[in-house]
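In what follows, a structure is listed as structure tokens, so that the remarks can point back to it.
The values are calculated or read from the model by the stated rules, or taken from the named source; none is laboratory data. Not measured: the values here are computed from a predicted model. No Cβ is skipped: glycine too gets one built from the backbone with ideal geometry, and neighbour counts run over all protein chains shown. The accessibility values were calculated without ligands, DNA or RNA, using every heavy atom of the protein model including side chains. Shrake-Rupley method; radii C 1.70, N 1.55, O 1.52, S 1.80 Å.
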Amino acid sequence: SADAVEESCRSLRLAGALDAADALTPLGAHLARMPLDVRVGKMVLYGALLGCIDPMLTIAAALSTRRSPFLTPFEQRQAADAARKPFTGEHSDHLAYLRAYEGWRGARRAGGGGAGRRFCDEHFLSHVALEELHALREQLSGVLADLGFASSTREAMEGEGEGIASVHHASLVRAIVCAGLYPHV
């Protein structure tokens, strides 16, 4: 309907993807090429501009997949909550997704697919959901490269010397998430 189209245009103007004449802005042109909700895409682009790409790719993929990586079997609710504690210390769902993915990916790198599955079992995580998240994350990395941005934090920081660890500080990740999702935070 006409109302739905006008609401969509208003939302795109608010996100900075359309100008007052409803023409695509440079931001809008980049967002149009991303297979993401506008706000999530904006978050990824801000991460690319600030050299904080890997965390933003992970969070964007987690927000865009159909299923949560966290499992909570009714009969094991307390055990699941306890196993999830290492990921929830920063009081943020977005950072919990990031920390769970990082832990799973680290286990896979260190010990292969079997180690990744064991990590999932120990922490009540869905191996299928994390594989789906990983696949989308890789796709989004390719989209960034196609748009002319660095496709990883390491690539963004090449030649920058020290500082690669600073991009993973929770405060920067939170700020980028807020900026991208604004005003729907």
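Observations, loosely collected:
The rows are residues; the columns are (1) among the small types (G, A, S); (2) surrounded by fewer than 22 Cβ atoms within 10 Å (Cβ to Cβ).
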site	(1), (2)
G51	yes, yes
I59	no, no
R66	no, yes
T72	no, yes
E75	no, yes
T88	no, yes
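- Options A170, A135, A129, A165: the member that is surrounded by fewer than 18 Cβ atoms within 10 Å (Cβ to Cβ) and at pLDDT 90 or above: A135
- Taking (1) without any contact (Cβ under 8 Å) to a residue 60 or more places away in the chain; (2) open to solvent by 50 Å² or more (accessible area, probe 1.4 Å) in turn, L31 satisfies each apart from (2).
- Of everything in the stretch 140-151 that is assigned to a helix (DSSP H, G or I) and farther than 12 Å from S64 by Cα, the residue that is most open to solvent (accessible area, probe 1.4 Å) is D146.
- Across the stretch 8-28, the qualifying residues are those that are of a type in the set (S, T, Y) and without any contact (Cβ under 8 Å) to a residue 12 or more places away in the chain, and the one among them that is surrounded by the fewest Cβ atoms within 10 Å (Cβ to Cβ) is S8.
- Which numbered condition V5 misses (of (1) under 19 Å from G148 (Cα atoms); (2) open to solvent by 50 Å² or more (accessible area, probe 1.4 Å); (3) of a type in the set (V, I, T)): (1)
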